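S.K.: Dropping the structure in here first, questions after.
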Amino acid sequence: MYDEKQRPDHGPLSGFTVGVTAARRADELGALLQRRGATVVHAPALRIVPLADDSELLDATKELVANAPDVVVATTAIGFRGWVEAADGWGLGEELLARLRGVELLARGPKVKGAIRAQGLTEEWSPSSESMAEVLDRLLDEGVDGRRVAVQLHGEPLPGFVESLRVAGAEVIPVPVYRWMPPEDIGPVDRLLDAALTRGLDALTFTSAPAAASLLSRAEDRGLHAELLAALHHDVLPACVGPVTALPLQAHGIDTVQPERFRLGPLVQVLCQELPGRARTLPVAGHRVEIRGHAVLVDGALRPVPPAGMSLLRALARRPGWVVARAELLRALPGAGRDEHAVETAMARLRTALGAPKLIQTVVKRGYRLALDPAADSKYADV
């Protein structure tokens, strides 16, 4: 018999496949996921294009050097560093830093504070929540009527932020430091989409709103928008690093999971909690069987299972203990055609992969069934 207190020797994400859409820090996120056992599929949904040669950033920088703002809001460390580096390239670096020393400088979070201080500057204030909403509340409480507020944009939407400042009477100077563009090679994104649609992914991670918007846009271009939304609604868990990142998905009615702290580590921890909780666990033939994305835990031991075998196992698990006909199992097999012998072949491989042949019983002339423990029959009778 299986032991409920048994501590399985596997990572919390073992047996799950997680898609990573990040363009920046994707290696770090992928390593965190793999360290916890996940299989990672990476496809950057966008690319970051620095604006060192962009006239908009140059014009904004010249404007701020010539006419000092009252407030500067720095939103990202990479964006702030990029701004100063671009200004240096134009010969305006020292003048920009001199201007920033004389204004109210607000930093969205600790990383931005670090970038500000690395330039010899000191921020006046930073919210503990790292929330732009809290920055906005502070500015509105102070009063911005007639004040000039420069906002370092970072490629993500700041919903209501600029508009609220303008309604309150501020003159807002946007500072666009870099832009998001579609990836040069769209192939990996298409493969990631296909994996999501075929349920080859258990979760999709997003670390920026433009990445989420870009993936949705690509699905629409391919005529797969409705199918992607259906996958994210029911089978593929969308995990976002924070509420701003989730906005494009929420606009389509997609619920997401998010960490309390908007960091990669907490994002991975959310997946470590959520994905195992979504796995189906059944008492079968005296064993504890947990069905994950591409593997099964049998009494805590990780058993990788081929895709065809996982399709059969899921079909059996939809009605545990009930006989499932070969014809129905054949329909569950991807690309199996009409030969029911394919079911027998895939079933033999599944039993071998599980390492416990008695988990699945053959019912002569009828089909197959999961050998659900007798005590569990009533619980699953109406499944």
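The values are calculated or read from the model by the stated rules, or taken from the named source; none is laboratory data. This is a predicted model, so every value here is computed, not measured. Methodologically, a virtual Cβ is constructed for each residue, glycine included, from the backbone with ideal geometry; neighbour enumeration extends over all protein chains shown. Keep in mind that these areas ignore ligands, DNA and RNA; they rest on the heavy atoms of the full protein, side chains included. Shrake-Rupley method; radii C 1.70, N 1.55, O 1.52, S 1.80 Å.
S.K.: Can you confirm whether region 118-132 contains a residue that is open to solvent by less than 10 Å² (accessible area, probe 1.4 Å) and in a strand (DSSP E or B)?
M.R.: Scanning region 118-132, I find no residue that is open to solvent by less than 10 Å² (accessible area, probe 1.4 Å) and in a strand (DSSP E or B), so the answer is no.
S.K.: Here's a follow-up. Considering only residues that are modelled with pLDDT of 90 or more and assigned to a loop (DSSP other than H, G, I, E, B), look in region 35-48 and name the one that is farthest from R199 (Cα to Cα).
M.R.: Among those that are modelled with pLDDT of 90 or more and assigned to a loop (DSSP other than H, G, I, E, B), it is R36.
S.K.: Restricting to region 210-223, what's the tally of residues that are over 14 Å from the mean Cα position of the chain (by Cα) and surrounded by 18 or more Cβ atoms within 10 Å (Cβ to Cβ)?
M.R.: 2
S.K.: Ok, one more. Any chance you could count how many residues in region 222-250 are acidic (D, E) and either in contact with a strand residue (DSSP E or B) (Cβ under 7 Å, 6 or more places away or on another chain) or under 19 Å from C272 (Cα atoms) (or both)?
M.R.: 1
S.K.: Have a look at L51, L58, L13, L96 and point out the one that is at pLDDT 95 or above, of a type outside the set (S, T, Y) and over 30 Å from A279 (Cα atoms).
M.R.: One residue alone meets the criteria, L96.
So that you can scan it fast, the table gives a plain yes or no per residue for (1) over 28 Å from A209 (Cα atoms); (2) in contact with a helix residue (DSSP H, G or I) (Cβ under 7 Å, 6 or more places away or on another chain):
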{"residue": "L58", "(1), (2)": "no, no"}
{"residue": "A66", "(1), (2)": "yes, no"}
{"residue": "R99", "(1), (2)": "yes, yes"}
{"residue": "K111", "(1), (2)": "no, yes"}
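S.K.: Under the condition of being in a loop (DSSP other than H, G, I, E, B) and open to solvent by less than 20 Å² (accessible area, probe 1.4 Å), which residue from region 280-304 is farthest from R35 (Cα to Cα)?
M.R.: G286
The rows are residues; the columns are (1) in a strand (DSSP E or B); (2) touching a Leu at 6+ places or on another chain (Cβ under 7 Å); (3) of a type in the set (D, E).
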{"site": "E260", "(1), (2), (3)": "no, no, yes"}
{"site": "Q269", "(1), (2), (3)": "no, no, no"}
{"site": "Q273", "(1), (2), (3)": "no, no, no"}
{"site": "L312", "(1), (2), (3)": "no, yes, no"}
{"site": "P320", "(1), (2), (3)": "no, yes, no"}
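Per-residue answers, yes or no, for (1) within 20 Å of G82 (Cβ to Cβ); (2) in contact (Cβ under 8 Å) with a residue 60 or more places away in the chain; (3) open to solvent by 30 Å² or more (accessible area, probe 1.4 Å); (4) touching a Cys at 6+ places or on another chain (Cβ under 7 Å):
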position: D137; (1), (2), (3), (4): no, no, yes, no
position: V144; (1), (2), (3), (4): no, yes, no, no
position: A150; (1), (2), (3), (4): yes, yes, no, no
position: L153; (1), (2), (3), (4): yes, yes, yes, no
position: S164; (1), (2), (3), (4): no, no, yes, no
position: W180; (1), (2), (3), (4): yes, yes, yes, no
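S.K.: Go through the residues of region 99-109 one by one and say whether even a single one is within 23 Å of A66 (Cα to Cα), open to solvent by 50 Å² or more (accessible area, probe 1.4 Å) and either touching a strand residue (DSSP E or B) at 6+ places or on another chain (Cβ under 6 Å) or part of a loop (DSSP other than H, G, I, E, B) (or both).
M.R.: yes
S.K.: Would you check if P334 is modelled with pLDDT of 90 or more, within 30 Å of L13 (Cβ to Cβ) and part of a loop (DSSP other than H, G, I, E, B)?
M.R.: In short, no.
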